[in-house]
Amino acid sequence: MELAEDWLVESLRLYQDFHAFDLSGATRVLEWVGEKGVFVAGFESSKKNEILHLILPLRLSVKENQGLFPERDFKVCHGGFSDRSVFDLKHVPDTRLLVTSGLPGCYLQVWQTGEDSDVIEALRTIDVQDREESLWPRVSVFSSAAPGILHGARLSGLRTVDIESQKITYSSGRLGLVDTRQKWAPLETLSPSPGSSGERWCADVRNKGQGPGPCIASLGSDGQLRLLDSRNLCHPVSSAQCPVSKPSPDPELLRVTWAPGLDNCLAISGFDGTVQIYDVTSWDGQESQVEPLFTHRGHIFLEGNEVDAAPLVTTHTWHPCKPRTLLSAASDASLHVWDWVDLQASS
């Protein structure tokens with residue numbers, strides 16, 4: 001209890017803003033809709049799961065602190081129910097469409113938010129080729145004159161499907177990496193971590209225009225964090241060991257994300273009840289342990305949880321426009337919105 005009380009006092013200087021909310025069920029989906037809205041969805045296997053389009057509290061939608069506001073909670077803008085677990089959800093830019101994936105994983109579901117109602121309506125399903133019981137297709141969407149969905153449970157099964165006609169516009173077989181500066185043959189079966197076949201990995205690609213340096217961050221289930229150049233994925237530019245107490249209890253929840261509004265900052269989660277933020281410019285390029293720039297511990301202490309029994313952070317995401325604002329969700333159905341203070345910069 002003393003740790004929680006100490007954290008509450010310390011949080012007054014750790015955060016510019018901090019809002020905590022309770023969802024009806026835990027989510028591993030936080031998908032932005034513009035700057036003010038976000039989609040969440042449940043992933044339990046034994047019941048129908050809610051899909052909600054939430055609007056952020058007004059205080060978080062203004063550019064400057066303007067005092068108290070009457071609306072201090074999320075507002076439900078649209079809602080619907082899915083008959084299966086939702087492990088992945090993507091909003092199709094500039095449309096009212098969204099695409100979900102989960103288990104059972106033999107199809108994608110296309111939804112539409114109501115224009116004159118608050119309902120999220122199921123429109124159609126799209127069959128996928130991978131039909132293994134334990135796998136579901138990962139999903140990415142892109143906007144164009146004809147919006148498409150890139151999906152696949154394995155690299156060899158990647159396909160692009162037109163969202164309206166459901167026609168396959170691209171399908172892959174064997175994938176390789178070609179460096180046009182060299183005369184070598186394509187490289188195949190690349191591993192992000194040679195010699196660590198028992199580990200699980202996730203990765204994120206930095207947006208163009210965010211400065212020079214490695215563009216790929218790769219996070220292992222043991223806390224190894226590597227930065228890679230896309231032209232040479234076999235040899236990391238730099239690597240570090242994050243101070244995690246144990247390997248991730250659920251590697252499917254591992255997440256590493258580049259900050260869209262800060263140079264060379266990224267966040268990781270999926271090991272415990274925290275979200276850790278790192279400034280990669282402080283790394284010396286060697287595989288040594290590094291300390292986070294900031295650690296969000298609200299999911300551990302806010303509900304009076306014991307550290308050993310703390311919920312697991314299921315996902316996090318950066319605000320698209322507010323540089324130091326993040327959303328994070330945990331297995332106890334808590335949802336936090338927080339704007340952290342860079343104590344090193346302010347000291």
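The values are calculated or read from the model by the stated rules, or taken from the named source; none is laboratory data. As the structure is a prediction and not an experimental result, all values here were calculated from the model. Positions of Cβ are generated from backbone atoms using ideal geometry, with glycine treated the same way; all protein chains shown enter the neighbour counts.
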**Complete:** Sole miss for V29 among (1) buried (at least 16 other Cβ atoms within 10 Å of the Cβ); (2) within 22 Å of the chain's Cα centre (by Cα); (3) under 30 Å from Q344 (Cβ atoms) is condition (3)
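Within region 237-254, how many residues turn out to be touching a strand residue (DSSP E or B) at 6+ places or on another chain (Cβ under 7 Å) and either aliphatic (A, V, I, L, M) or surrounded by 22 or more Cβ atoms within 10 Å (Cβ to Cβ) (or both)? Give the steps one after another, and end with the answer.
First, the residues of region 237-254 that are touching a strand residue (DSSP E or B) at 6+ places or on another chain (Cβ under 7 Å): 237-243, 253-254.
Checking the rest, the ones that are also either aliphatic (A, V, I, L, M) or surrounded by 22 or more Cβ atoms within 10 Å (Cβ to Cβ) (or both) come to 237, 240, 253-254.
Counting residues in region 237-254 that are touching a strand residue (DSSP E or B) at 6+ places or on another chain (Cβ under 7 Å) and either aliphatic (A, V, I, L, M) or surrounded by 22 or more Cβ atoms within 10 Å (Cβ to Cβ) (or both) gives 4.
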**Conditions (1) more than 30 Å from C321 (Cβ to Cβ); (2) exposed (fewer than 14 other Cβ atoms within 10 Å of the Cβ); (3) at pLDDT 85 or above; number of the one not met by S197** = (3)
**Asked** Taking region 270-305 on its own, how many of its residues are modelled with pLDDT of 85 or more, in a loop (DSSP other than H, G, I, E, B) and not acidic (D, E)?
**Response** 8
**Prompt:** For R131, which of the numbered conditions (1) at pLDDT 90 or above; (2) more than 23 Å from the chain's Cα centre (by Cα) fails to hold?
**Reply:** (1)
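Return the only residue of G102, G148, G157 being in contact with a strand residue (DSSP E or B) (Cβ under 9 Å, 6 or more places away or on another chain), more than 23 Å from L254 (Cα to Cα) and surrounded by 13 or more Cβ atoms within 10 Å (Cβ to Cβ). Lay out the reasoning, then the answer.
On the way: G102 fails: more than 23 Å from L254 (Cα to Cα); G157 fails: more than 23 Å from L254 (Cα to Cα).
Only one candidate passes the filter, namely G148.
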**Long-range neighbours under 7 Å by Cβ, at least six apart or interchain, first residue over 21 Å from K322 (Cβ atoms) within region 35-58, second outside any strand (DSSP E or B) and of a type in the set (K, R)** = F43/R28
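In this structure, is S172 modelled with pLDDT of 65 or more and touching a strand residue (DSSP E or B) at 6+ places or on another chain (Cβ under 9 Å)? Walk me through how you get there before you give the answer.
Numbers: modelled with pLDDT of 65 or more: yes; touching a strand residue (DSSP E or B) at 6+ places or on another chain (Cβ under 9 Å): yes.
The answer is yes for S172.
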